[in-house]
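The values are calculated or read from the model by the stated rules, or taken from the named source; none is laboratory data. Because the structure is a prediction, the values reported are computed rather than measured. Cβ coordinates were reconstructed from backbone atoms using ideal geometry, including for glycine residues, and neighbour counts include every protein chain displayed.
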């Protein structure tokens, strides 16, 4: 049984990139609405304020014309900003949830591969890796690990070490 975590790492990386792409696309879409809203608001402010103000000034006078023009432009800008601040729709939320699920599955598969590799190494070294892990690495030397690896490949050394480990 060969341990090859590369496919799982690739799957995790692809899932993470896909999720990041979704978030970036959504953010760009939102920012474009805000940008268009601000641009239209400024353009509207310039054109409508000027023409509306002049037209209303002839009818109502300058103060009331300025008030009416300002309220209309504020309402238009507010509507555009409300559109930009909407929550993502159901399809977008589902898409992100599926991407998050793929990431979680890829991480779980990597964790399983890591645990399997750790168990195989621990079995191969007669539990020395487990001892080192439990002891915080302070009581087991590199020599002991190398001796355990050598014992995994040399049956006579394995018998000698097994008799010491059982004691």
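Checking residue 133 against (1) surrounded by 12 or more Cβ atoms within 10 Å (Cβ to Cβ); (2) at pLDDT below 75; (3) in a helix (DSSP H, G or I); (4) over 37 Å from the mean Cα position of the chain (by Cα), only one condition comes out false. Which one?
(4)
If I ask for residues that are loosely packed, with under 14 Cβ neighbours inside 10 Å and either modelled with pLDDT of 85 or more or not in a helix (DSSP H, G or I) (or both), which ones from region 106-125 would you list?
Within region 106-125, just 108 meets the criteria.
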